[in-house]
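Trainee: Pasting a structure below so you can have a look.
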């Protein structure tokens, strides 16, 4: 469990990580003032049901979905039928039980919070992220991971690179609430890409310690990602030189560098 208290002008929202499957996180946002919660990507209903059973006077009001993969939507219909929660998800994907279809630039209100919708195709073609601009929270599903990014199941390297660049343009303080505990394995790859980057070495040691203690590695923040995530560093000379060495040719295009990184990570 991870608890992240955040104060707003008129309410306090806590964000808790509910573990699901082997490495998924379902993000649960709590509005203590009204005793209601929202969840992001409940691939399994059971962890949410267990939380609600332990907090019998709370209600589930909203379900937010980033993309259609079953480990993100598997619990939606059961939770919706049991609680009447409002389901929001990407317009361009088949989302079970969806009440509101969202596209790039849409704004919604959840638990009194304004959320902006950012389309981030790559992992899937209709993938979206939810961004809260006041607190700088980013719920990005399987697009941007701590020290990594999602596999390209449907989109192209160019699409994913563009999506990541959009997210990388958010403020340094943006907190990255992604959906999987992949950070340590991602950092092993980052060390291979930039073996002389001291920020990566330090982060690897830190996260390794956290995981040994059973502590989760999220949320990350965007400043840390820019310094240590190879998929946000395709413009860096050190990354370009490593890819050129592996490919046996110079690559000037950032998109091509990104594509080579993603292909390398797929086999890593």
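Trainee: For the range 38-53, name all the residues that are over 11 Å from residue 78 (Cβ atoms) and without any contact (Cβ under 8 Å) to a residue 40 or more places away in the chain.
Mentor: 43, 47, 50, 51, 52, 53
Trainee: Can you confirm whether the range 109-116 contains a residue that is at pLDDT 95 or above and touching a helix residue (DSSP H, G or I) at 6+ places or on another chain (Cβ under 7 Å)?
Mentor: no
Trainee: To continue, here is another question. Mind checking which residues of the range 47-67 are touching a helix residue (DSSP H, G or I) at 6+ places or on another chain (Cβ under 9 Å), assigned to a loop (DSSP other than H, G, I, E, B) and more than 16 Å from residue 17 (Cβ to Cβ)?
Mentor: Result: 58, 65, 67.
Trainee: Further, regarding this structure: Out of all the residues in the range 25-46, which are within 16 Å of the chain's Cα centre (by Cα), surrounded by fewer than 21 Cβ atoms within 10 Å (Cβ to Cβ) and in a strand (DSSP E or B)?
Mentor: Of everything in the range 25-46, nothing turns out to be within 16 Å of the chain's Cα centre (by Cα), surrounded by fewer than 21 Cβ atoms within 10 Å (Cβ to Cβ) and in a strand (DSSP E or B).
Trainee: Also: Hey, could you check the range 68-96 for residues that are in contact with a helix residue (DSSP H, G or I) (Cβ under 7 Å, 6 or more places away or on another chain) and assigned to a helix (DSSP H, G or I) and say which is nearest to residue 115 (Cα to Cα)?
Mentor: 79
The values are calculated or read from the model by the stated rules, or taken from the named source; none is laboratory data. Remember, it's a predicted structure, so these values are computed and weren't measured experimentally. Using ideal geometry, Cβ is built from the backbone for each residue, glycine included, and neighbour counts are taken over all protein chains shown.
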